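Read through the structure below, which is laid out as structure tokens, and then see the notes.
No value in this document is a laboratory result; all are computed from the given coordinates. Just so it is clear, the structure is predicted and the values come from calculations on it, not from any experiment. Note that each Cβ is placed from the backbone with ideal geometry, even for glycine, and that neighbours are counted across all protein chains shown.
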């Protein structure tokens, strides 16, 4: 009998999820032993046409990382959904939009202008990419950017979610073990729609720092001033996103002396990540004076990035009004 088929694809993402998969070390041999890798463009020569020729549902497991930023992303999302029995939104970009999703604050033309006119790009003729261009050999096309980046489940039906930027390698290895066991009839898969490879609580519950329910008079950057190695970072005025962020990383950043920035996405039951953080941050402010509160909040140098760095596209907000209407 042939082995179950495995696929992995990246859309609007950085490739860190691919590295995380390789970082499972010898466990990658279990993937090779139990699956036939049929489509993984970053690791092997693979063509869309090969996938199109497959039967519907022929791919047993597909890990999809990256958001949907252009028409090619959307086309392949529909194709792999059709061809895959199990489709996993793999990593923060697929689950919540992640860093590429922050562009949803900006109209698409401004995004393009920034890429082609700022000091990091030499473009004396002020050229822009053309979705269609006629050459003597025929028409050349490139993907067309959408006004907003969307998460995978805003485009196709998703079976499971595996958050993280990237997911922790030990979590990936554990999920692979469960899938292999299920294929061998030794275990059951989680219910559809479940979040896998992560916890059901918050980073704060994993963090060993002491919480004294203190209040603060300022927010400050962790690089400035002395930091108590044992006390909760938020109670020291350092904007830590642990209260709203899903557990599963073993509080890796706070344990190392850095604030949580939210890469595991909203904790279980959190409807809007930014709203939950705003509430958590407000709870530690020691003032009833509106002017003083404004001064304290001014210590958050990048509120949009603080509250929606990893999940703007998946939030209730999704993007700015200007970005929403820029494709009209």
Taking the Cα atoms only, what angle lies between the long axis of helix 169-183 and the longest principal axis of the chain, rounded to 10 degrees? 40 degrees
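What is the stretch 107-146's relative contact order, in percent, from Cα pairs under 8 angstrom and six or more apart in sequence? Let's see the in-between values first.
Details: 25 pairs, mean separation 11.5, N = 40.
Dividing the mean separation by the residue count of the stretch 107-146 yields 29 percent.
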Checked the chain with the C-alpha gyration tensor, a ≥ b ≥ c its square-rooted eigenvalues, rounded below a/c of 1.5, otherwise prolate if a/b is larger than b/c and oblate if not; verdict oblate
Overall form of the stretch 203-297 per C-alpha gyration tensor (a/c, 1.5; a/b vs b/c): oblate
Simple spin-label estimate for residue 128 and residue 56 in nanometres, 7 Å along Cα-Cβ: 4.0 nm
The distance between the Cα centres of the stretch 163-230 and the stretch 251-328, in whole Å, is 18 Å
Okay, helix-only estimate at 222 nm for the chain: each DSSP H run of n ≥ 4 adds -39500 (n - 2.57), divide by all residues, round to 500 deg cm²/dmol; what do you get? -8000 deg cm²/dmol
May I have the pair-distance distribution P(r) for the stretch 144-233, computed from all Cα-Cα distances with 5 Å bins from 0 and rounded to whole percent? 2, 9, 12, 15, 13, 11, 11, 12, 9, 4, 1, 0
Rounded to whole Å and sorted largest first, list the principal axis extents of the Cα atoms in the stretch 107-146. 34, 25, 11
Using only Cα atoms and rounding to the nearest 10 degrees, what angle (0 to 90) does helix 108-117 make with the longest principal axis of the chain? 90 degrees
Could you work out how far apart the two model spin labels at residue 142 and residue 116 are, taking each label as a point 7 Å from the Cα in the direction of the beta carbon, and quote it in nm? 0.8 nm
Once the Cα atoms of helix 71-83 and of the chain are each reduced to a long axis, what angle between those two axes, in degrees from 0 to 90 to the nearest 10, is obtained? 70 degrees
